[in-house]
Amino acid sequence: MSYQVLARKWRPASFGEMMGQQHVLRALINALDNDRLHHAYLFTGTRGVGKTTVARILAKCLNCERGVSATPCGECASCVEIAEGRSVDLLEVDAASRTKVEDTRDLLDNVQYAPTRSRYKIYLIDEVHMLSTHSFNALLKTLEEPPPHAKFLLATTDPQKLPATILSRCLQFNLKNMLPEEVVSRLEHILGEEQVEFDAESLQLIARAAEGSMRDALSLTDQAIAFAGGRLVAEEVRAMLGTVDRGRVLTLAEAVLAADPARVLEQVRHIAEHAPDYAATLSELGAILHQVTIAQMVPEALDPAWSEQARLIELATSASPDEVQLCYQLAVSGRGELAMASDPRAGLEMVLLRMIAFRPAVVIDDAAKGAPPAKKPEPPALPVATPATSEPSGAPASRSAPVPPSPAPSMPDRERVSPAALAPRSNGESAENRVVSRGAAPAVSDERAAPDASEGSEAVLPGSGGSQPMATEIVSPEAGHLAAKADWPRLYERLGLTGLLASVALHTEWVGAADGRVRLRLDERNATLYNDKQRPVLAAALSKTFGRPIEVDIEIGTVGEDTPAAYRARQAESRLAAAEAALATDPRLQSLLDDFDAELIPGSIRPPSMEQEAHETQ
């Protein structure tokens, strides 16, 4: 008789023989025992976790001649036929090779007919996600309302490719990857029955290489038995898998944590003599560092299966936790770099040397942890605007205590409307007296002092917390009202308007202000954007900015060049001209143009925006 591979020979024949997947088995066993059977089941999971096995065992449970139960006899004709794959009432379909809609229709043509000799006609469709869209559509109605004698068992490794209409018609069970301990336990049982000699380390190597797949573990076991001549020895399994002796990797970890690059390169040279898998070497190094961290944090949780526990504990006591964490992070991230390296060995050496180069320069010990944190320096006080009060004629001007200078504005020579300019005037006080100079807050009562105080002066908006200063508004004594219309664009930037109101205010100009009422003129070309509901919103924004009630009047008419839109256009032209001039005189750019015989494309220069300039200034 020909040899039967372990993966087929030891496929579980009942739920009791299955290893793991208890969350799936419990639901199926309860459904079978309580006669609460669904007509369609979907089993999902990666390769080798038992999807098809569970489906076949469920088919036995449904068609066993002794009755529907969670423990099929395995001896009746129906159970034997299902186990041998020759049951006429169990139709196993490989969806990967029958993807066309015609194949699905042919399959479903016989659904209406009763089973030949069994209790149920069972359709087991493997890799169901490979069906075409038309095949899924042909399956929908039958899958939702099949005849009482039909059951559908679907299996897939990629449930995300299944339409939601299919998923909603099935009971879905997600099979998990097998734990290494479960794989080792199953292999011990199988090898004991097969009378194959083995050691514990060889099974652990196979379990880790299988990555949660029992079928992969059994296939690797078959390969290892053939490689080692009928037995399993850790050294032979390691050579077959291309993995490195854990003792050598542990020595490598000791050299890294000791910051000895010469010793590290020497160990890599010894490892390279065995033609290893360098990515697996990094994985093994990460596993060692993981156990070292556990030995540092929770020593009682150290894995007893590790044979080098004494060396792990020695490493845990000699290395600091932050160094181990850093090395672990570099080992994990370095695996992705090996595929891009010109030579895998060079990539491994670079990752190991990086662990030494990037180690912390100073390690905080337990004594330093108890020290109080350093006190952060207090930020410098911002200038505070003191409201000006009118002084009797001839009285000396009152001055506040000097304060540190405020931060420079984001744009040079920026002039902004002073909140004091909007305050009602009393006792013949003129608006030119409402000036707050940088670094001090004098109350100017002499009209002759106003022009001098206006130069480079600015005021802080009430309610703004003093975070951003605003330049003053100089009032003309002859006109008797606000004359500097150019300050409205700066004030507009501070209001924080959004939406349609921002577009409306962008095309207005400052007409005047008196007794807490501001007059604006809207460009007649943008009058269609304005409605009267926007006026109180703009008034509220101004009131919040100045810290006092403000009323707004908006008229429609022809505007000049003092609107925020025109101001932005001028600023953009100025920045563009400055950028072009800077590039024209840049020696490095000129050198590049000469070396490559290149030229600047007209109109391709994009200067930074006002917001970017303000951010860079801050």
Subset of region 483-522, residues of a type in the set (A, V, I, L, M), in a loop (DSSP other than H, G, I, E, B) and closer than 13 Å to A539 by Cα, comes to L497
Having 1 or more residues that are open to solvent by 30 Å² or more (accessible area, probe 1.4 Å), of a type in the set (D, E, K, R) and closer than 29 Å to V237 by Cα is the bar; report the helices (runs of 4 or more DSSP H) wholly within region 277-361 that clear it.
309-318, 321-338, 344-357
Residues located in region 317-339, provided they are of a type in the set (A, V, I, L, M, F, W, C) and modelled with pLDDT under 90:
A319, L338, A339
Members of region 120-146 found to be open to solvent by 90 Å² or more (accessible area, probe 1.4 Å) and either over 43 Å from the mean Cα position of the chain (by Cα) or among the hydroxyl-bearing types (S, T, Y) (or both), listed by number
T133
Out of A253, A310, A272, which single residue is hydrophobic (A, V, I, L, M, F, W, C), in contact with a helix residue (DSSP H, G or I) (Cβ under 7 Å, 6 or more places away or on another chain) and modelled with pLDDT under 90?
A272
Return the residue satisfying two criteria in turn: it lies in region 22-53 and is assigned to a loop (DSSP other than H, G, I, E, B) and free of Cβ contacts under 8 Å to residues at least 24 places away in the same chain, and of such residues it is least open to solvent (accessible area, probe 1.4 Å).
N34
Could you check A598 against (1) assigned to a helix (DSSP H, G or I); (2) loosely packed, with under 11 Cβ neighbours inside 10 Å and say which number it fails?
(1)
Could you list, in sequence order, the residues of region 175-190 that are surrounded by 14 or more Cβ atoms within 10 Å (Cβ to Cβ) and either more than 25 Å from Q4 (Cβ to Cβ) or out of contact with any strand residue (DSSP E or B) (no Cβ under 8 Å at 6 or more places or on another chain) (or both)?
K176, N177, M178, P180, E182, V183, V184, S185, R186, L187, I190
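Of all residues in region 78-107, which are part of a loop (DSSP other than H, G, I, E, B), of a type in the set (D, E, K, R), under 23 Å from R66 (Cβ atoms) and open to solvent by 70 Å² or more (accessible area, probe 1.4 Å)?
Answer for region 78-107, where residues must be part of a loop (DSSP other than H, G, I, E, B), of a type in the set (D, E, K, R), under 23 Å from R66 (Cβ atoms) and open to solvent by 70 Å² or more (accessible area, probe 1.4 Å): just R86.
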Sort out for me the helices (runs of 4 or more DSSP H) sitting completely within region 158-271 that have 3 or more residues that are under 32 Å from the mean Cα position of the chain (by Cα) and more than 29 Å from I313 (Cα to Cα).
164-167
Region 530-553, residues that are in contact (Cβ under 8 Å) with a residue 60 or more places away in the chain and open to solvent by 30 Å² or more (accessible area, probe 1.4 Å):
K544, G547, R548
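The values are calculated or read from the model by the stated rules, or taken from the named source; none is laboratory data. It should be emphasised that the depicted structure is a prediction, and the values quoted were computed from it without experimental measurement. Note that each Cβ is placed from the backbone with ideal geometry, even for glycine, and that neighbours are counted across all protein chains shown. With ligands, DNA and RNA removed, areas are computed over all heavy atoms of the protein, side chains included. Shrake-Rupley method; radii C 1.70, N 1.55, O 1.52, S 1.80 Å.
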